[in-house]
Number of protein chains: 2
Amino acid sequence: MTREECEALDAVDPLAGFRKEFTLPEGVIYLDGNSLGALPAGTPARVREVVEAEWGRELIRSWNDAGWFEQPYRLGRRIAPLIGAGPEEVVVCDTTSVNLFKLLTAALRLRPGRRTVLGDGAAFPTDLYIAEGVTGLFEGARSVLLPSVTTEELERHLGEDVAAVVLSHVDYRTGELLDMAAITEQVQRAGALMIWDVCHSVGALPVELGACGADLAVGCTYKYLNGGPGSPAFLYVAERHQAAAEQPLSGWFGHARPFAFEPGYAPTAGVGRFMTSSPSLLGQAALGASLDVWERADLRAVRAKSLALTDLFISLVEPLGLEVATPLEHARRGSQVALRHPDGYPVVQALIERGVIGDFRAPDLMRFGFTPLYLSHTEVWDAARELAQVLESGEWRAPRFSRRGAVT
Amino acid sequence: MTREECEALDAVDPLAGFRKEFTLPEGVIYLDGNSLGALPAGTPARVREVVEAEWGRELIRSWNDAGWFEQPYRLGRRIAPLIGAGPEEVVVCDTTSVNLFKLLTAALRLRPGRRTVLGDGAAFPTDLYIAEGVTGLFEGARSVLLPSVTTEELERHLGEDVAAVVLSHVDYRTGELLDMAAITEQVQRAGALMIWDVCHSVGALPVELGACGADLAVGCTYKYLNGGPGSPAFLYVAERHQAAAEQPLSGWFGHARPFAFEPGYAPTAGVGRFMTSSPSLLGQAALGASLDVWERADLRAVRAKSLALTDLFISLVEPLGLEVATPLEHARRGSQVALRHPDGYPVVQALIERGVIGDFRAPDLMRFGFTPLYLSHTEVWDAARELAQVLESGEWRAPRFSRRGAVT
């Protein structure tokens, strides 16, 4: 494909109008929105309003008058359509790790005779560490890691002791997309609960937690959702589990009557019982501004463009002789492309110096995320050309590129 | 004391210069800084910088270049002098409730033969709910509430099964200040660990966790510290406990090598092992701006003025015939004054309509917080006059004041 053909595709791109809703620096092609999404143009004003008007001028009155109390629910209802959830199945609070802790503990309690939690050994490690932390609290419980996530491995491990399975919908390294419906069904057939981590799929493609019958899920909002650095996470609890689900981070925000100041804990009805403390209002404000954009985005168009962009990038870099670690089948691909290179770290650094921002994951993966709301086909074409030039020139061998830093 | 005498005190107030470092609305006397502190004048610019420059322009690079990774430690080191802690004993992360969960779990593990957690039945309930949540995870453990926090009651309950005692340094309702040194000593003599909740004392008076030999502590930053609504909390772990302390919210940010992406959890050395996830950068930015102010404040002067302001308010409202629920002895008083009134709720609402913002806690407490950095003696005098006028006029009986809202 030529650059002109890319320009022609951009000219008819139904999502092209979203580009102006983001503030991106000049001279940068940003292929790391799978790690930290770009700044929506409306976010600074919304954050300023919360800081200067709601906090600075209205002060404590904003808890009622600006709806601060309701914010975790309101944001949850706005995220729900992005993950195929019902409006009363999602709440925004805390972080992905903290929320996974709550859900896993609840899952072990919902399956009292069972004591094993299955995870993916290649998952983003915080999920594994949290599973370790949770199982360490239950007598005889253990966290077991699958060597790979296949139907066969799952079958081998899905014994009668498995209480829950935690899997990432999209692999953070390779970008592999799992079959949510089939795996959920397989796990539930074995009597276990299925917990999805949708950090790398929410906002990248239509996630269908409800249609797939998922039990529980967590996700973050600072990647494809563009909520900002360290923005609050969300959790999903299928309505059928809400009445029986209990979690031990039982702070006052999850209480049935938080302002009665009763000495004993009584969880509120619904997903709100998974809240713990008062929300981070600045983080929630930024998330609200980014959801204003998402409200107008058609997820099917997002998915179609995501596949077009990753297809384009793969076709352009394949001639460079790099191994593509990302599945080529559309049904198994998220919205990123991972390329193997033994010197991936300095190559990525050299690319960044040229204004193409991707990232690196040890031992040899260069990761490039494709965010359909603010990336054009032409930018993808330019990024591939820059990568080709970095490799051809050998400029990545310059000593300044090998000093290690690290980004999430 | 006359209003003129108050003006004279303001003229020689060594902290008077701090008033201009806060943005407060015209026509408001803000006596609720014990619930949500006022907006520091430097905060909007700092938040804007993080949103527009660090996030918007530098994007993912800010994790390294803007020091985002180090932020939880850096803020912890800046809070340390405010609570009498060493620079490597504090970290800023999550919320008070989540942090208390971590510390209580660690405490039960540090005292393996013991299974009772003692709390104060009159504490802000989230601490009690969290104690319930934690003890529910340990076979045979229980959370016991003291009917009152006295030497005698503590002695009666400090049996050999007590692993930890959790107490608020200052009572959120009455403003009573506990004797941190004496209680810590009494608790430790019984072999238990002492966990202080300093939410209502940090920034209100010099807190001396180290000198008092405290084991563990939590606190929030949105009250006297002015970190903003839902700003991140902190936790303190005395250096002597850090190597052995373990907590189950073992996310990747507490890992010894977070970027090695190892499948197994290994806690980092030091207080960092109590971190869980990547920090909320917007909330941390606002906190950083407020600590710029605190860095220049002399805590002894803060304490002296706090006592002068609460003395003044008490002396002015005593003639109104209201019961003062706050201790009159300086050594037992925090930085708020609580007054009992059977119709406290509408009285506070009527006061708010007059521009004097306090709050109400059931069943009958009107709370007024005194923040020495931005309150003058004259404002306290004016607030007391408004309260007198509300009570004398009976205007609080108007139906519009009795509709219930609720503020934290």
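Rule-based calculations on the coordinates, nothing more; no lab input. Model, not experiment: these values are computed from the prediction. Note that we place each Cβ from the backbone using ideal geometry, even for glycine, and neighbour counts take in every protein chain shown.
Worth a mention:
- What the phi angles of segment B:164-171 give under the Karplus curve with 6.51, -1.76 and 1.60, with θ = phi - 60°, is a coupling list of 8, 10, 10, 9, 7, 4, 10, 5 Hz, glycine and proline written as x.
- Calculated FRET value between B:GLU155 and B:GLU52, using beta carbons and R₀ = 45 Å, to 0.05: 0.20
- Taking Cβ atoms as reference points and 10 Å as the exclusive limit, the residues near A:GLY42 contribute a net charge of -1, counting Lys and Arg as +1 and Asp and Glu as -1.
- Label-point separation in nm, A:ARG240 to A:ALA211, each point 7 Å along Cα→Cβ: 1.8 nm
- For B:LYS305, the aspartates and glutamates whose Cα falls under 16 Å of its own Cα, not counting residues fewer than eight places away in the same chain, are B:GLU5, B:GLU7, B:ASP10, B:ASP13, B:GLU329, B:GLU379.
- Within segment B:5-73, all pairs of alpha-carbon atoms sorted by distance into 5 Å bins from zero give the percentages 3, 13, 14, 16, 15, 11, 11, 8, 5, 3, 1, 0.
- Most mobile listed residue (B:LEU322, B:LEU178, B:LEU225) in chain B, GNM with C-alpha springs under 10 Å: B:LEU322
- Average Cα contact separation per residue, segment B:47-294, under 8 Å, 6 or more apart, as relative contact order %: 23 percent
- Segment B:47-294 - charge dipole about Cα centre, Lys and Arg +1 at Cβ, Asp and Glu -1, debye rounded to 20: 440 debye
- Shape call, segment B:225-274: gyration tensor on alpha carbons, a/c limit 1.5: oblate
- Principal axis extents of the Cα atoms in segment B:271-408, from largest to smallest and rounded to whole angstrom, are 54, 34, 24.
- Cα centroid separation, segment A:171-197 to segment B:102-116 (Å): 35 Å
- Summed over qualifying helices (DSSP H, 4 residues or more, each -39500 (n - 2.57)) and divided by its residue number, the protein assembly as shown shows a 222 nm mean residue ellipticity of -10000 deg cm²/dmol.
- Fully extending the segment from A:ARG385 to A:ARG19 would add 129.6 nm, taking 0.36 nm per residue of separation and subtracting the current Cα-Cα distance.
- Around A:VAL237: net Lys/Arg minus Asp/Glu count, Cβ-Cβ under 12 Å: -2
- Farthest positive-ward along chain A dipole, Cα basis, beta-carbon charges - from A:HIS255, A:ILE130, A:GLN284: A:HIS255
- A:ALA181-B:ALA41 FRET efficiency (beta carbon distance; Förster radius 51 Å; 0.05 resolution): 0.40
- Antiparallel DSSP beta bridges within chain B, percent to nearest 5: 55 percent
- Directionally averaged projected area (convex hull, Cα atoms, the protein assembly as shown), nm²: 33.5 nm²
- Selected from B:CYS199, B:CYS93, B:CYS212 as most flexible by GNM, with chain B as the system and alpha-carbon contacts under 10 Å: B:CYS212
- Share of Cα-Cα pairs in segment B:340-408 lying beyond 17 Å, as whole percent: 38 percent
- Residue pairs, from the table A:LYS223/B:LYS20; A:LYS102/B:LYS223; B:LYS102/B:LYS223, whose Cα atoms sit over 31 Å apart: A:LYS223/B:LYS20
- Reference-scaled alpha-carbon Rg (2.2 N^0.38 Å with N residues) for segment A:47-294: 1.01
- Seen against the Cα atoms of chain A and their longest principal axis, helix A:281-294 is set at about 60 degrees.
- The per residue volume of the convex hull around the alpha-carbon atoms of segment A:157-214 is 76 Å³.
- The distance from the alpha carbon centre of segment B:209-262 to that of segment A:332-355 is 35 Å, rounded to a whole number.
- Net charge in the neighbourhood of A:SER280 (other residues with Cβ under 12 Å of its Cβ; Lys, Arg +1, Asp, Glu -1) is -2.
- The share of Cα pairs per 5 Å bin across segment A:85-197, counted from zero up to the longest distance, runs 2, 12, 24, 25, 22, 11, 4, 0 percent.
- Magnitude of the charge dipole, segment A:1-119, Cβ model with Lys/Arg +1 and Asp/Glu -1, debye to 20: 960 debye
- Exposure rule at most 13 other beta-carbon atoms within 10 Å, DSSP loop trypsin sites (Lys or Arg not before Pro): chain B longest free segment: B:1-295
- The calculated FRET efficiency for the pair B:ALA297 and B:ARG397, based on their C-beta separation and a Förster distance of 56 Å, comes to about 0.85.
- What the phi angles of segment B:185-198 give under the Karplus curve with 6.51, -1.76 and 1.60, with θ = phi - 60°, is a coupling list of 5, 4, 5, 5, 4, 7, x, 9, 9, 9, 10, 9, 9, 9 Hz, glycine and proline written as x.
- For B:ALA41, the point set 7 Å out from Cα toward Cβ sits 3.4 nm from its twins in the other copies, listed from shortest up.
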